[in-house]
Amino acid sequence: MVENSNPRLDALFASLSDQTRRAILLMLLESDLTVKDIAAPFDMSLAAVSKHIQILAKAGLLTQHKSGREKWCRLDPNALKPAAFWLESYGQFLDDSFDLLEELIELQGISTGASTGD
């Protein structure tokens with residue numbers, strides 16, 4: 001078995017495995033938000049949303065700071081670079097897969113909906 005231990009990458013992918021956490025990251029793409037603002041659209045308690053935020057913070061995907069009584073969250077734009085780099089290394093296989101799929105479609109005579117000029 002190949003040993004490929006990378007705790008940072010593991011934490012990134014684990015944090016992204018939950019749809020609520022992915023939704024939170026999408027919200028933070030627009031602007032920095034308070035924890036209360038983040039929690040507003042979700043049908044769960046503030047404590048539950050705070051747990052999701054803590055997981056994202058622990059993975060390094062967002063930072064938090066206090067301003068007065070409010071706790072603000074900010075997306076770290078560089079945090080996904082290790083995951084993007086890892087995924088990019090598999091990009092060559094995606095191109096090959098699409099080429100093979102196109103060949104299979106042509107061999108089967110399946111119409112892709114593209115105009116052939118006939």
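Below are the figures for this structure:
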| item | result |
| --- | --- |
| Where a residue in region 38-53 is over 14 Å from GLU70 (Cβ atoms) and its partner, wherever it lies, is among the polar types (S, T, N, Q) and surrounded by 12 or more Cβ atoms within 10 Å (Cβ to Cβ), with Cβ under 6 Å and at least six apart | HIS52/THR20 |
| Selected residue [over 18 Å from the mean Cα position of the chain (by Cα), at pLDDT 90 or above and assigned to a helix (DSSP H, G or I)] from ASP96, ASP37, ASP43 | ASP37 |
| Total residues in region 4-34, condition under 23 Å from SER67 (Cβ atoms), part of a helix (DSSP H, G or I) and of a type in the set (A, V, I, L, M, F, W, C) | 6 |
| Neighbours by Cβ (under 8 Å, 6+ apart or cross-chain): first from region 19-37, at negative phi and touching a residue at least 40 places away in the same chain (Cβ under 8 Å); second exposed (fewer than 15 other Cβ atoms within 10 Å of the Cβ) and not in a helix (DSSP H, G or I) | LEU28/ARG74; ASP32/ARG74 |
| Residue within region 65-80 that is surrounded by 14 or more Cβ atoms within 10 Å (Cβ to Cβ) and in a helix (DSSP H, G or I) present | no |
| Considering residues of region 55-64 that are assigned to a helix (DSSP H, G or I) and out of contact with any strand residue (DSSP E or B) (no Cβ under 9 Å at 6 or more places or on another chain) only, the residue nearest to LYS36 (Cα to Cα) | ILE55 |
| Yes/no for GLY91 being at pLDDT below 80 and not β-branched (Val, Ile, Thr) | yes |
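The values are calculated or read from the model by the stated rules, or taken from the named source; none is laboratory data. Everything quoted here is computed from the prediction, not taken from an experiment. For neighbour counting, all protein chains shown are included, and Cβ atoms are generated from backbone atoms with ideal geometry for every residue, glycine included.
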